[in-house]
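The values are calculated or read from the model by the stated rules, or taken from the named source; none is laboratory data. In this text, all values refer to a predicted model and were calculated from it rather than measured experimentally. A quick note on method: Cβ atoms are made from the backbone with ideal geometry, for glycine too, and the neighbour counts reach across all protein chains shown. These area figures cover heavy atoms from the full protein model, side chains too; ligands, DNA and RNA do not enter into them. Shrake-Rupley method; radii C 1.70, N 1.55, O 1.52, S 1.80 Å.
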Amino acid sequence: LYDYYLRPGGSYFGAKKGLEPLHVQYAYDDRSVVVVNSTLQGFEGMRVTARVFDLDGNERHTLMETVDVGPDASVKVLQLPEPKDLTPTWFAILTLEDPTGGVVSRNVYWLSTTEETLAWDDTEWYYTPVERYADMTALNSLAPAEVKATARFAASGEEGRARVVLENRSDSVAFFVRASVRKGEGGEEVLPVLWEDNYVTLAPGESLELGATYAASALGSATPTVRVEGWNVAEGGADTAP
């Protein structure tokens, strides 16, 4: 989940996302969108939104539904259409909001029109091999995206904090965008660090805010900065807000 230098990898945030107490997720078997509540409290009036984008950044489908979720329960809320006439790789962006509009869970999937096929005849008690994998190679042709980043920094005692707003200003999906706190412009990454979320994917025109905490002493005498890079996003610095 993180490396020798305590740098969290994409798997860290995948595990963090999957272990959310109240979580929205995609079901690969029937293309349904499910809300999973692992708490002992029920939630009423929750709104689920599913947005489907093709590889060119076009929003092909938008589905919304309001749902009540009981304690320790999962509810199938809606089903995505069959991916006809879509690009070979496509994106599903799911959000779960409370009645006030606050985002409780956000989950992004990159999917293929070529479904994986399992070799059921070769199943062992511990393993079923894959006969054909989903085709994600079209991600290599994803058009460049422009992401504007703005960072604010604060310190409280021995703890430093960064708030980073990412805004996708392009018509392309900004895929797998990573922010890092640096020791000055062009400096080394500040580690260890705890990010609320990272390696995020943004739809065209979408904005997200990320937060990070770190030991203020890790900066030494340097002024903190933020660098942003992604699969189809060129590496660049974030503007520092007052």
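The set of residues in segment 33-49 that are in contact with a Gly (Cβ under 9 Å, 6 or more places away or on another chain) and not in a strand (DSSP E or B) contains only Gly42.
Scanning segment 37-62 for residues being in contact with a Lys or Arg (Cβ under 8 Å, 6 or more places away or on another chain) and either free of Cβ contacts under 8 Å to residues at least 12 places away in the same chain or buried (at least 16 other Cβ atoms within 10 Å of the Cβ) (or both) gives a total of 3. Quick check: anything in segment 90-99 open to solvent by 70 Å² or more (accessible area, probe 1.4 Å) and in contact with a helix residue (DSSP H, G or I) (Cβ under 9 Å, 6 or more places away or on another chain)? Checked segment 90-99: no residue is open to solvent by 70 Å² or more (accessible area, probe 1.4 Å) and in contact with a helix residue (DSSP H, G or I) (Cβ under 9 Å, 6 or more places away or on another chain).
State whether the residues of segment 175-187 include one that is part of a strand (DSSP E or B), at pLDDT 95 or above, open to solvent by 40 Å² or more (accessible area, probe 1.4 Å) and under 22 Å from Ala27 (Cα atoms).
In the first step, residues of segment 175-187 are kept if they are part of a strand (DSSP E or B); the result is 175-183.
Narrowing further to those that are at pLDDT 95 or above: 175-183.
Pick out the ones that are also open to solvent by 40 Å² or more (accessible area, probe 1.4 Å) and you get 176, 182-183.
If we keep only those that are under 22 Å from Ala27 (Cα atoms) as well, we get 176.
The answer is yes; a qualifying residue exists.
Note on segment 223-235: among residues that are exposed (fewer than 14 other Cβ atoms within 10 Å of the Cβ) and within 20 Å of the chain's Cα centre (by Cα), the one that is nearest to Thr213 (Cα to Cα) is Glu235.
Looking only at residues of segment 110-135 that are open to solvent by 30 Å² or more (accessible area, probe 1.4 Å), outside any loop (DSSP other than H, G, I, E, B) and of a type outside the set (D, E, K, R), we find that the one that is nearest to Leu19 (Cα to Cα) is Trp110.
For Arg106, the conditions (1) open to solvent by less than 60 Å² (accessible area, probe 1.4 Å); (2) charged (D, E, K, R); (3) assigned to a loop (DSSP other than H, G, I, E, B) are fulfilled apart from (3). Can Glu209 be described as of a type outside the set (A, V, I, L, M) and not in a strand (DSSP E or B)? Criteria not met by Glu209.
In summary, Ala155 fulfils each of the numbered conditions (1) more than 23 Å from Asp3 (Cβ to Cβ); (2) open to solvent by less than 70 Å² (accessible area, probe 1.4 Å); (3) part of a strand (DSSP E or B) with the single exception of condition (2). For segment 65-86, the candidate set comprises residues that are of a type outside the set (A, V, I, L, M) and more than 30 Å from Leu55 (Cα to Cα); within that set, the residue that is most open to solvent (accessible area, probe 1.4 Å) is Asp72.
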